[in-house]
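The values are calculated or read from the model by the stated rules, or taken from the named source; none is laboratory data. Because the structure is predicted, anything quoted here is derived from the model rather than measured. Neighbour counts run over all protein chains shown; Cβ positions are idealised from the backbone, glycine included.
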Amino acid sequence: MHSSILVTGGAGFVGSSLALALRRQFPAARIVALDNLHRLGSELNIPRLAAAGIRFVHGDIRSPGDLENIPEQFDLIVECSAEPSAQAGYGGSPEYLIQTNLVGCFHCLELARRTGADFIFLSTSRVYPMEKLKALSLREDESRFVLTDEQPFRGASRFGIAEDFPLDGPRSLYGMTKLASELMVTEYAAAYGLRCVINRCGVIAGPWQMGKTDQGIVTFWMAAHYFRRELNYIGFGGQGKQVRDLLHVADLASLIVEQVSNIDKYAGKLFNAGGGLTGSLSLREITALCQRITGNTVAIGSLPENRPADVPIFITDHRRLTEFSGWQPSRTPEDILGDVYQWIRENEALLRIRLLA
């Protein structure tokens, strides 16, 4: 078993959740969470990590020295640091995005090479090209877009997008950095004999996520209803029918724990990991759940113009992973929204400024 674990992005929503799950599963392991605290609200996770006996290091994967100066010799690196917005880089320089997601991953792989550490990389569904996703065969129902049975590309079906969906074409600057990092992880595994696993994650949601308009939409939508803030349906006619599948961060954590516990079985594998068809919702459907859970109704405007890199529908087809391991999400979208609501309610004073920023 692994005795020393580094979680990059370890004070972020996903990183802190995974670090805490690994602590519960491996109580004897030394766990370090590295984070640059770039995202507002990540500082709230430092006391949670400390209470679990996880050492926090304020550092940046863009700086090789920050990784080299950590005294531990890690035998596992869980790389989930990222600039996670699909809108990042548009309208300005993509330097922070590329330096964090691509160069930062290189620095983490260099650390793994020097120490021989196993490497679990959290990638994204955004690696799939947006123009092909926009060309999928859809029908429009009352509350959502729906994938039809017949699709123009391999890897696409009514169950969503599978790992063999074509990768040629632009996908967003963010998606580019993650796909390039996937290729780098694969090459390092082959060149240096590293045991590496790649997970392409769909929309991850749950408590302790600081949701914004461009990333963390579930928390953003629930917080708007909780605090009675106006919203907008953006793009695709401004009707809120665009669809994504939702994965509770605790279900992702159970997958990562399974992979860490059976690293030989998973080494060299790449999987889609998401909520799947049964875990999918449109924005209109999220609105209805938020109204039911909070008892509040807020004004929602309509902005029909699409933003860069937006797609009308993405559903993660995780059947390859389920067939391989038996893993599948155990929490429904309603469970996810209910957990987010309860978290906001219990921490209202702490979160009001951060979630409304």
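Data for the structure
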item	result
Whichever residue in region 156-170 is in contact (Cβ under 8 Å) with a residue 60 or more places away in the chain and not in a strand (DSSP E or B) and, among such residues, is nearest to HIS318 (Cα to Cα)	ALA162
Members of region 83-112 found to be on the phi > 0 side of the Ramachandran plot and touching a residue at least 12 places away in the same chain (Cβ under 8 Å), listed by number	GLY89
Residue check, ALA162 closer than 30 Å to ALA117 by Cβ and crowded, with 17+ Cβ neighbours inside 10 Å	yes
Pair list, Cβ < 9 Å and 6+ apart or interchain, from region 175-190 residues that are assigned to a helix (DSSP H, G or I) to residues that are among the charged types (D, E, K, R) and surrounded by fewer than 19 Cβ atoms within 10 Å (Cβ to Cβ)	TYR188/GLU110; TYR188/ARG113; ALA189/ARG195
Criterion violated by GLY15 - all others in (1) over 19 Å from ALA112 (Cα atoms); (2) in contact (Cβ under 8 Å) with a residue 40 or more places away in the chain; (3) among the small types (Gly, Ala, Ser) satisfied	(1)
Helices (runs of 4 or more DSSP H) contained entirely in region 56-125, each with at least 2 residues that are of a type outside the set (Gly, Ala, Ser), touching a helix residue (DSSP H, G or I) at 6+ places or on another chain (Cβ under 9 Å) and surrounded by 24 or more Cβ atoms within 10 Å (Cβ to Cβ)	104-115
Filter result (within 12 Å of GLY276 (Cβ to Cβ) and out of contact with any Phe, Trp or Tyr (no Cβ under 6 Å at 6 or more places or on another chain)) within region 158-176	ARG158, PHE159, GLY160, ALA162
Test: residue in region 24-41 that is among the aliphatic types (A, V, I, L, M), in a loop (DSSP other than H, G, I, E, B), surrounded by fewer than 24 Cβ atoms within 10 Å (Cβ to Cβ) and in contact (Cβ under 8 Å) with a residue 40 or more places away in the chain	yes
Extreme residue, surrounded by the most Cβ atoms within 10 Å (Cβ to Cβ), among residues of region 126-155 that are of a type in the set (D, E, K, R), over 23 Å from ILE286 (Cβ atoms) and in contact (Cβ under 8 Å) with a residue 24 or more places away in the chain	LYS132
Enumeration of residues in region 168-191 that are within 16 Å of ILE120 (Cβ to Cβ) and over 16 Å from the mean Cα position of the chain (by Cα)	MET184, VAL185, THR186, TYR188, ALA189
Test: residue in region 1-19 that is surrounded by fewer than 21 Cβ atoms within 10 Å (Cβ to Cβ) and either over 21 Å from GLN259 (Cβ atoms) or at pLDDT below 95 (or both)	yes
Residue ID - nearest to the chain's Cα centre (by Cα), chosen from residues in region 323-337 that are surrounded by fewer than 16 Cβ atoms within 10 Å (Cβ to Cβ) and part of a helix (DSSP H, G or I)	GLU334
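This table checks each residue for (1) out of contact with any helix residue (DSSP H, G or I) (no Cβ under 6 Å at 6 or more places or on another chain); (2) without any contact (Cβ under 8 Å) to a residue 40 or more places away in the chain; (3) on the phi < 0 side of the Ramachandran plot.
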{"site": "ALA253", "(1), (2), (3)": "no, no, yes"}
{"site": "GLU258", "(1), (2), (3)": "yes, no, yes"}
{"site": "THR278", "(1), (2), (3)": "yes, no, yes"}
{"site": "ILE286", "(1), (2), (3)": "no, no, yes"}
{"site": "THR322", "(1), (2), (3)": "yes, yes, yes"}
{"site": "LEU337", "(1), (2), (3)": "no, no, yes"}
{"site": "ASN347", "(1), (2), (3)": "yes, yes, yes"}
{"site": "LEU355", "(1), (2), (3)": "no, no, yes"}
